[in-house]
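Reviewing the structure listed below.
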Amino acid sequence: MYDMRESWIPAYFRDKPMYGVIRTTSRSESENFFFSNFHQSGSSLCQFYIRFESAMDKQRSETKRLNHECRSGKPALVSKLYLEDDASELYTRSVFYKVQEEILAARDDMRIQTGNDLDKLKQVNKSIQGLNSELGDASGGFTKQDFMANLIGKRPTGDISIQPPLQCKNKGSGLKRIVGEREKAINQAKKKARKCKLCSSTFHDQRTCPTKKKFAES
């Protein structure tokens, strides 16, 4: 049974999307690489717990940021194809950019293959015009207002001047980025340490300086 696993494992996970391309080794390597940026081999149990929470907070923060970008805006389109517009609303940003490359490559390939055959292009254009005329005759002048009247049960009167609002990404939306322990330590190390004016030490200030106490006692 184990020797013929290549035959029955894909069939067993057929109803599970993307299960056939997931490998245990790749998943463990990606997780090890991610957590290696937060953990060290000599960390104590308390340090491990704190750094693990920081790693999970970073993952949650990154997920919220990506979800906000996908929901609040729309990626830039490079063509007027309806397929690209539909893909921008269906996929996430990272997946959409890959699909966009495939769509543009297919469009350019189609232009190269059909660019030199003018007879086929004329025939396709004539067929499209014939379909448009047939659809126009079949609709009988059925406009969008007729469709809305049929849907609502009443024809709207007057001109419709209300349009749907445009989506915009406002500043100060309330989402703050979660800063991890590692980033806090780096920012703290960049700050200039305050020194004592009497002895130039960085462990205390002028009020608690031991040199001042010695002068006061003497």
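The values are calculated or read from the model by the stated rules, or taken from the named source; none is laboratory data. What you see is a predicted model; the values in this text were computed from it and never measured. Reconstructed Cβ throughout: ideal geometry from the backbone, glycine too, with neighbour counts over all protein chains shown.
Considering the stretch 86-102 alone, what residues qualify as being within 12 Å of the chain's Cα centre (by Cα) and surrounded by 11 or more Cβ atoms within 10 Å (Cβ to Cβ)?
Within the stretch 86-102, SER88, TYR91, THR92, ARG93, VAL95, PHE96, TYR97 qualify.
Quick one: count up the residues across the stretch 181-218 that are hydrophobic (A, V, I, L, M, F, W, C), assigned to a helix (DSSP H, G or I) and either modelled with pLDDT of 80 or more or closer than 30 Å to ASP57 by Cα (or both).
3
When GLU89 is evaluated against the numbered criteria (1) in the same structural domain as ILE103 (by TED's automatic domain parsing); (2) of a type in the set (Asp, Glu); (3) at pLDDT below 80, which criterion, by number, is the only one it fails?
It is condition (3) that GLU89 fails.
Out of all the residues in the stretch 60-74, is one or more more than 27 Å from GLN100 (Cβ to Cβ), surrounded by 10 or more Cβ atoms within 10 Å (Cβ to Cβ), modelled with pLDDT of 80 or more and under 21 Å from the mean Cα position of the chain (by Cα)?
Yes, because at least one residue in the stretch 60-74 is more than 27 Å from GLN100 (Cβ to Cβ), surrounded by 10 or more Cβ atoms within 10 Å (Cβ to Cβ), modelled with pLDDT of 80 or more and under 21 Å from the mean Cα position of the chain (by Cα).
Between residues in the stretch 126-146 that are under 30 Å from THR157 (Cα atoms) and at pLDDT 70 or above and residues that are among the charged types (D, E, K, R) and surrounded by 10 or more Cβ atoms within 10 Å (Cβ to Cβ), which pairs lie under 9 Å by C-beta distance while being six or more apart or on different chains?
Qualifying pairs under 9 Å: GLN145/ARG155; ASP146/ARG155.
Conditions (1) charged (D, E, K, R); (2) under 18 Å from ALA185 (Cα atoms); (3) in a helix (DSSP H, G or I); (4) touching a residue at least 40 places away in the same chain (Cβ under 8 Å), marked per residue:
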| residue | (1), (2), (3), (4) |
| --- | --- |
| PHE38 | no, yes, no, yes |
| SER41 | no, no, no, no |
| GLU53 | yes, yes, yes, no |
| MET56 | no, yes, yes, no |
| HIS68 | no, no, yes, yes |
| LYS74 | yes, no, no, yes |
| VAL78 | no, no, no, no |
| GLU102 | yes, no, yes, no |
